[in-house]
Amino acid sequence: MKVDDIKTITVVGAGTMGHGIAEVAAVAGYKVYLADIKKEILDNALEKIKWSLSKLAEKGMLRDSVEAVMERITPIVNLDENGNYTEEFAKVLKETDVMIEAIIERLDLKQKLFAYADQHAPEHAILATNTSSLPITEIAAATKRPEKVIGMHFFNPPPLMPLVEVIRGEKTSDETVETIMALAKKFGKQPVLVKKDVPGFIVNRILGRFLNTGCHLVAKGLATIEEVDAAVRYVLGLPMGIFELSDYSGIDVFYYVFTAMKERGFNITPCPLYEEKFKAKEYGMKTGKGFYTYPAPGKYARPNIPKELAGKVDPVLILAPAVNEAAWLLRNDVASKEDIDKAVKLGLGWPKGVFEFADEYGLDKIVEALRKLKTDLGLEEMEPDPLLVEKVQKGELGRKTGKGFYEYGEVEEIKKNTIIIRKEKPIAWVILNRPRKYNALSPELLKELGEALDELEDDDDVRVVILKGEGRAFSAGADVTAFAGVTPISVAKFSRRFQELTLKMQFYTKPIIVALHGYVLGGGLEIAMSGDIRIASEDAMLGQPEINLGFIPGAGGTQRLPRLVGRGRAKELIFTGDMIPAREAEKIGLVDKVVPPERLDQEARALALKIAEKPPLALMAAKYAIEYGLESNIWAGLALEAHLFGLLFSTEDVIEGVTAFLEKRKPKFKGR
Ligand code: NAD
C-alpha cells in the first residue's frame, strides 16, 4: 500500500498517547476511529482532543475548524463485558488501512490485539505499534503479516512533539517502512528510521545513558545534583538538567522504561538513586518530591539551579556515554548519524545532535572521559566503542582536525615566525607562539598578529577569531629584551604601534574571543582586554606589573582596565603591580568566565561556534554599537544603535532570520 491509498486510521488505546495520535491523524485529514475499552475513557479522550485543538486554533496552527477535525474522529468501545473484542470493532478493522496501537505496555495484550486485527483488517492494512520497550518482532509474530507490522513511536504530547521513530521489525517489508515514513510526514512529523529493533530504539537508549551517568556521578559522590544539572542546563545548553527532567517526566516512568530495556538486554547498570526514589514513591513533580522539592504534588515550580555551579562538572563526562551509545547505534547500522542527531534534537530538545556535540568537544576527549568514568565509577559499560577508538587512532577528532563524525573541510594551519593561524572554519585561532619566552610580545609578534587579523578579517568564511597562547602562558607581556638601547621616542612609537593593534581588536569587524591561561601580564593583559569576551582557565594569573620596572602600562592598560573594573580596582592593580588569579579577575569583571585548564580550548571553541552561527553583519553592528557607544555618550550611542538597527533591515540575513523563525527552522546566515 502506498501512502496515498491510506484513508482510514484506527488508533487503539485512547490514553495519554492514543488520544494525541488520533488528534494528529485527524488534523492531517484522515478519517479516524479511536478505540478503547470503556466509554468514559473515550469521552475523556474526546474532551482532551477538543481542548487541544482549540489551543492549536488559538495559535493559528489549525487549517480546519475544531468542529471539522472533531467530526473526523469516531470513538468506539472495543471490549464487551466479558473482555472480548466487539463485533463493532471487527467492522471498524475491516475499514482500516492503518492501525496504530497505543494500549498499555503489555506484550500479551498487544499480541492478542494484533492477532485479532490481523484476522479482521483487510489484507493491505498496516498494523503499527507505539510501544516504547517491547520488541516489534514479537508483536508481529502474533500475526500472519509480519511484513506489515511496524513500530511507530511517537513522543508525548504527540500533537506538539515533531519526532516519530519508525522501527523495522525483523520481517517488516521495505514497502511498509516507506509507507509509514511517508505517513509520519503527512502527519506533519519528522520521522527517523530505526533499522533494527533494539531495546529503547534511539532516543531512550541515548537518554538512558545520559541520565544514568549524571546520576552515577552523584551516587558516587563525585558531583552534586545541582552541579550536574547546572552543567547540563548552562554549559551543554539542554532545556533541563538530568534530575530536573527526571522529576518533571516522573522518576517512575523512567524507572519502568529503563528496567524494561534492561530486561530486553540493554547493557546498563541502573544508578541506585533512581531505584531509591522509586521505592520511596518520590516520583518527582507529581508527588511533590523527587530529586527536588515542589510546592505541592502536581504543582510545578522550576528547581533553582545556581548558574555559578555551571563549571563544577566537566560536561564531557556526562555527555560521553551518550556519544558512546550513539556510536554503538551507528556501528551496528541501527540508524544513520543524521537520524540519530535529528532524534536527540527533536525528541529531547538538545540544541545540537549527539555527534555534533562529540565533534565539537573532540572525540579524543570523549574517549578520555569514558576511560575515566570506567575507572571512577567501576562500570565496564563505559568501555569506549570500537568506532570511537578507531576514529581517534585515525586522527578524526572532530572539528579541530576537520573531520570527526562529520566533515568540516580542511583545517588550515599557517605557521609564521611568532604566531600560528589555524582556520577551523567558521572559526579561526590565532596562537601566540613563542612558548619558551612565555609568548613575550616582540615587535615582530605584534606585526604578525596585526597582519593575521587583517587576513582573517578578509576571509568571509571565518566568522569568529579566538586568540590564545601556546605553552605555559597566554603572554607574560612585552619582550623587555627588545627594550635594550631604546630611546624615549622609540618607546613612544612602540607604544603607539601596540595601541593601534589593540584598537584594531576593539573595532575589529568580527568577534574576538580571548582564551587565557598561565601568565596574562602587562601587554598580554592589554591585548586580552581589547578582545570581546575573555575566558580564563583556573590557573590564569592576571596583572599589570609595569610599575615594578619603573614605568606604566603603555598599550591601553590605563584606559581599558578602569573601563572594565572601575577606577579604584584598576588603580590598585596598576599601583601595586600585583597579579590576581582568574577567579578574582572574574569577580571584578576582568574576565567573563573561568573554566578548568583542560577545558579552556573546548569552551572557547564551543562559544565561538555558537556565535559563528549568528548573522555576521548583526554581530558587527552589535559590537560597533557597544564599543563606539561606550566610548562616546548615550546620545551618540543611541543614534548609532538606531542607524545600525535600521541598516540591518536592508540585509538578506534579516529576511533569512525572520523566514526561518516563521518556518521553525534554523537560519543559515550568509553575512549579506
Ligand atoms: P495509557 O495508560 O495512558 O493509555 C493506555 C490506554 O489503553 C488506556 O486508556 C487503556 O484503557 C487502553 N487499553 C488497554 N487495553 C486496551 C485494549 N485491548 N483495547 C483498547 N484500549 C485498551 O498509556 P500511554 O502512556 O498512552 O501508553 C500507551 C503506549 O504508548 C504504550 O505502549 C507506551 O509504551 C507507549 N508510549 C508511551 C509514551 C508516554 O510518554 N506515555 C511515549 C511513547 C510511547
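If the viscosity is 0.890 mPa s and the temperature 25 °C, what translational diffusion coefficient in µm²/s does Stokes-Einstein give for the chain when Rh comes from Kirkwood over Cα pairs? Display every interim value, and only then the final one.
Values: Rh = 28.3 Å.
The Stokes-Einstein estimate is 87 µm²/s.
Provide the convex hull volume over Cα atoms per residue for the range 601-642, in Å³. Numbers along the way, then the final one.
Working: hull volume 2.8 nm³, N = 42.
It is 68 Å³ per residue.
Rounded to the nearest 10 Å², what accessible area does Met181 have for a 1.4 Å probe in the complete protein model?
Probe radius 1.4 Å; accessible area of Met181 about 40 Å².
Straight-line reach from Lys220: which aspartates and glutamates have Cα under 18 Å away, leaving out those fewer than 8 places along the same chain?
The reachable aspartates and glutamates, counting only those whose Cα sits under 18 Å from Lys220, are Asp229, Glu275, Glu276, Asp314, Asp376, Glu380, Glu381.
Which order do His120, His153 take by accessible area at a 1.4 Å probe, largest first?
Working: His120 45, His153 10 Å².
The ordering from most to least exposed comes out as His120, His153.
Ranked from the most accessible area to the least, with a 1.4 Å probe and all protein chains present, what is the order of Tyr628, Tyr300?
On the way: Tyr628 100, Tyr300 80 Å².
Largest accessible area first, the residues go Tyr628, Tyr300.
For the range 527-576, what is the convex hull volume of its Cα atoms per residue in Å³? Can you show the working numbers first?
Details: hull volume 4.3 nm³, N = 50.
Spread over its residues, the Cα hull of the range 527-576 gives 86 Å³ apiece.
With angles folded into 0 to 90 degrees, how steeply does helix 174-186 sit against the dominant principal axis of the chain? Use alpha carbons for both and round to 10.
That works out to roughly 70 degrees.
For the range 94-123 and the range 214-234, compute the distance between their C-alpha centroids and round to whole Å.
43
Starting from the residue with the highest accessible area, list Met285, Met620 in decreasing order, probe 1.4 Å. All intermediate terms of the calculation are to be shown ahead of the outcome.
Numbers: Met285 30, Met620 60 Å².
Result, largest first: Met620, Met285.
With a 1.4 Å probe and all protein chains kept in place, how much accessible area does Thr172 have, in Å² rounded to the nearest 10?
10
Okay, helix-only estimate at 222 nm for the chain: each DSSP H run of n ≥ 4 adds -39500 (n - 2.57), divide by all residues, round to 500 deg cm²/dmol; what do you get?
Working: 27 runs with 313 residues, N = 672.
It lands at -14500 deg cm²/dmol.
Quote to one decimal, in nm, the extra length available between Trp635 and Glu178 on full extension: 0.36 nm per residue of separation minus the C-alpha distance between them.
Numbers: separation 457, 0.36 × 457 = 164.52 nm, distance 6.17 nm.
Taking Trp635 through Glu178 to full extension adds about 158.3 nm, to one decimal.
Going through the range 47-108, which trypsin sites (Lys or Arg not before Pro) have at most 13 other Cβ atoms within 10 Å and a DSSP loop state?
Filter output for the range 47-108: Lys59, Arg63, Arg106.
With respect to the cross-link table entries Lys171/Lys374; Lys394/Lys415; Lys48/Lys185; Lys345/Lys403; Lys48/Lys286, which display a Cα-Cα separation exceeding 27 Å?
Values: Lys171/Lys374 37 Å; Lys394/Lys415 23 Å; Lys48/Lys185 24 Å; Lys345/Lys403 21 Å; Lys48/Lys286 20 Å.
Too far apart for the 27 Å limit: Lys171/Lys374.
Please express the Cα-Cα pair-distance distribution P(r) of the range 176-258 as a list of whole percents, one per 10 Å bin, running from 0 to the bin with the greatest distance.
Cα pair-distance distribution for the range 176-258, in percent: 16, 36, 28, 16, 4.
Using 0.36 nm per residue of separation minus the Cα-Cα distance, give me the extension gain between Ala301 and Ser650 in nm, one decimal. The partial results should precede the final answer.
Details: separation 349, 0.36 × 349 = 125.64 nm, distance 4.28 nm.
Gain on extension, Ala301 to Ser650, equals 121.4 nm.
May I ask which of Lys50/Lys299; Lys365/Lys571; Lys571/Lys670; Lys39/Lys299; Lys38/Lys94 have a Cα-Cα span longer than 32 Å here? Provide the component values of the computation, followed by the final result.
On the way: Lys50/Lys299 24 Å; Lys365/Lys571 41 Å; Lys571/Lys670 44 Å; Lys39/Lys299 29 Å; Lys38/Lys94 21 Å.
Flagged as over cut-off: Lys365/Lys571; Lys571/Lys670.
Going by the alpha-carbon gyration tensor, a ≥ b ≥ c the square roots of its eigenvalues, is the range 580-672 rounded (a/c under 1.5) or, if a/c is not under 1.5, prolate (a/b greater than b/c) versus oblate?
oblate
Identify all lysines with a Cα-Cα distance to Lys587 below 16 Å; exclude those on the same chain that are fewer than 8 residues away in sequence.
Filter leaves Lys307.
Take every DSSP beta bridge with both residues inside the chain and express the antiparallel ones as a percent of the total, to the nearest 5. Show your work: numbers first, answer last.
Details: 24 of 71 bridges.
Percent antiparallel among DSSP bridges in the chain is about 35.
Quick one: how many Å² of Lys394 are accessible to a 1.4 Å probe, rounded to 10?
Lys394 has an accessible surface of roughly 120 Å² with all protein chains in place.
I'd like to know how the range 209-354 sits against the 2.2 N^0.38 Å rule of thumb: what's its Cα Rg over that expected value? If you can, show how the numbers build up before the last one.
Values: Rg = 15.2 Å, N = 146, 2.2 N^0.38 = 14.6 Å.
For the range 209-354, the normalised Cα radius of gyration comes out at 1.04.
The values are calculated or read from the model by the stated rules, or taken from the named source; none is laboratory data. All of these numbers come straight from a predicted model, not from anything done at the bench. Backbone-built Cβ (ideal geometry, glycine too); neighbour counts: all protein chains shown. Side chains are part of the model used for accessible areas, which takes the heavy atoms of the whole protein and leaves out ligands, DNA and RNA. Shrake-Rupley method; radii C 1.70, N 1.55, O 1.52, S 1.80 Å.
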